Amino acid sequence: MKLLFLTNIPSPYMVNFFNELGKLCKLTVLFEKHSSSERDNSWTEFNFNNFEGIIMKGISTGVDSSFCPQVINYIKKNTYDYIIVTNPATPTGIIAIEYMRLRKIPYILESEGSFAKDGKGIKEKFKKHIMSGAQLYLSTTPKADEYFLTYGATKEKIVKYPFTSLYDKDLMIKIPSQTEKEELRQRLRLKGEKIAIAVGRFIPLKYYDVLISAWRQMNKDYQLYLIGDGQEQQNYEKLIEKYNLLNVELIDFKSKEELFNYYKAADIFIHPTSTDVWGLVINEAMACGLPIVTTEMCIAGLELVNDYENGFIVPVGNEKQLVDKVNLILNNDKLRYTMAKKSLEKIKWYTFENMARRHIEILKRT
């Protein structure tokens with residue numbers, strides 16, 4: 001099977017997926033840009049081991065998009081069994097789709113997740129025009145289904161696949177014992193009777209300022225660690241100082257291997273985001289057996305977290321509900337253990353290996 005993927009940048013998790021997929025088919029991936037201007041250098045350290053990765057030349061149009069007319073040259077070859085487009089909203093994605101529509105070349109649209117608008121207005125109508133002609137739509141969640149349906153898909157053309165940043169080997173077999181957690185905490189120099197962590201870029205959309213503010217209402221022995229970096233770091237430091245929060249600490253960005261030790265040492269994972277088209281940190285925290293508290297604007301949360309089962313979904317910016325739900329978990333050892341166990345069960349399907357196998361399975365049925 002010969003497969004062509006069109007996407008924007010070689011993000012680490014997508015390169016890992018493509019390397020797995022490339023084991024199962026002859027895969028070519030066209031990237032619009034080498035990297036995103038919003039990401040650190042770790043996003044430029046990639047290896048195309050099992051697929052042909054081509055970074056096209058073009059005119060930059062955004063932090064992670066470019067106008068690359070040469071995409072048409074690859075489609076013209078007409079040597080692929082399937083073409084999958086993940087970037088239909090970028091100039092490159094648009095010209096690729098318009099060319100394929102004109103030439104009656106079948107293509108598939110794939111989304112990791114998105115929130116639909118009302119479908120009205122000139123921009124929305126153009127979006128519907130671009131997205132309505134796909135042969136198939138690969139979706140991650142009912143919210144992504146809703147997005148596709150808003151812009152012209154039909155239910156029978158939508159199929160689901162697991163979206164992830166995990167390998168099979170990343171999944172924990174069992175929840176760490178309290179002794180194991182204590183040993184990790186000592187090694188990482190973490191303090192606190194109970195430990196909560198949040199992981200991500202320090203940018204306004206993540207609403208970590210809301211989480212810091214909410215922590216004023218928490219038990220002084222409950223420690224919060226925010227792991228990451230970004231433009232809001234100084235503002236967060238000022239907030240922590242302003243509220244005199246001795247139980248809140250910022251930790252620099254960590255590699256995936258280091259980060260997993262922090263997950264395993266913690267009692268709960270909190271993701272207070274104002275919008276996330278997925279939120280892969282949810283997958284990672286669940287793989288380490290953590291209960292999750294996140295918002296109704298995190299698609300990974302909506303797909304993977306159920307209230308009272310393995311965590312809670314709370315309204316964006318609602319400090320009271322955030323505090324209430326975090327306390328409910330941290331103050332109840334039995335509930336926390338049950339939720340942690342459920343997180344491990346629910347995340348088993350979400351690995352690169354299964355993601356790749358599912359794609360091949362879908363294509364063979366098409």
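The values are calculated or read from the model by the stated rules, or taken from the named source; none is laboratory data. Here the structure is a predicted model, which means the values were calculated and not measured. Cβ coordinates were reconstructed from backbone atoms using ideal geometry, including for glycine residues, and neighbour counts include every protein chain displayed.
Some points to look at:
- Of all residues in region 209-232, those that are modelled with pLDDT under 95 and either more than 27 Å from the chain's Cα centre (by Cα) or hydrophobic (A, V, I, L, M, F, W, C) (or both) total 0.
Matching residues to (1) crowded, with 16+ Cβ neighbours inside 10 Å; (2) farther than 26 Å from C68 by Cα; (3) touching a residue at least 60 places away in the same chain (Cβ under 8 Å); (4) polar (S, T, N, Q):
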| residue | (1), (2), (3), (4) |
| --- | --- |
| Y99 | yes, no, no, no |
| Y107 | yes, no, no, no |
| S114 | yes, no, yes, yes |
| I122 | no, no, no, no |
| L138 | yes, no, yes, no |
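- Residues of region 285-301 classified as in contact with an Asp or Glu (Cβ under 9 Å, 6 or more places away or on another chain) and buried (at least 23 other Cβ atoms within 10 Å of the Cβ), total: 10
- Candidates in region 283-319 are the residues that are assigned to a loop (DSSP other than H, G, I, E, B) and small (G, A, S); of these, the one that is farthest from M339 (Cα to Cα) is G317.
- Looking at region 45-124, the strands (runs of 3 or more DSSP E) lying wholly inside it that each contain 2 or more residues that are β-branched (V, I, T) sit at 52-55, 82-85.
- Region 243-264, residues that are more than 24 Å from the chain's Cα centre (by Cα) and of a type in the set (V, I, T): V248
- Qualifying residue in region 212-228 (condition: over 23 Å from F312 (Cα atoms) and surrounded by fewer than 20 Cβ atoms within 10 Å (Cβ to Cβ)): no
- Residue match in region 152-171 (condition: closer than 27 Å to G289 by Cβ, assigned to a helix (DSSP H, G or I) and without any contact (Cβ under 8 Å) to a residue 60 or more places away in the chain): yes
- Only listed residue being closer than 19 Å to D324 by Cβ, acidic (D, E) and in contact (Cβ under 8 Å) with a residue 12 or more places away in the chain, chosen from E309, E232: E309
- Criterion (outside the structural domain of A116 (by TED's automatic domain parsing), assigned to a helix (DSSP H, G or I), modelled with pLDDT of 95 or more and within 30 Å of S177 (Cβ to Cβ)) met by exactly one of L322, L239: L322
- When the residues of region 62-96 are filtered to those that are closer than 9 Å to E32 by Cβ and β-branched (V, I, T), the one that is surrounded by the most Cβ atoms within 10 Å (Cβ to Cβ) is T92.
- Among the residues making up region 260-282, a single one is free of Cβ contacts under 8 Å to residues at least 24 places away in the same chain and assigned to a loop (DSSP other than H, G, I, E, B): G279.
- Hits in region 325-366 (condition: touching a Pro at 6+ places or on another chain (Cβ under 8 Å), in a helix (DSSP H, G or I) and either in the same structural domain as K23 (by TED's automatic domain parsing) or farther than 29 Å from S213 by Cα (or both)): N354, M355, R358
- When G311 is tested against (1) on the phi > 0 side of the Ramachandran plot; (2) out of contact with any strand residue (DSSP E or B) (no Cβ under 9 Å at 6 or more places or on another chain), exactly one condition is not met: (2).
- Annotation: of all residues in region 242-259 being in a helix (DSSP H, G or I) and not hydrophobic (A, V, I, L, M, F, W, C), the one that is nearest to Q223 (Cα to Cα) is K242.
- Residue in region 149-170 that is basic (K, R) and crowded, with 19+ Cβ neighbours inside 10 Å present: no
- Pairs meeting the criteria (first residue in region 178-193 and of a type in the set (D, E), second residue outside any loop (DSSP other than H, G, I, E, B), beta carbons under 7 Å, at least 6 apart or on different chains) are E193/Y222.
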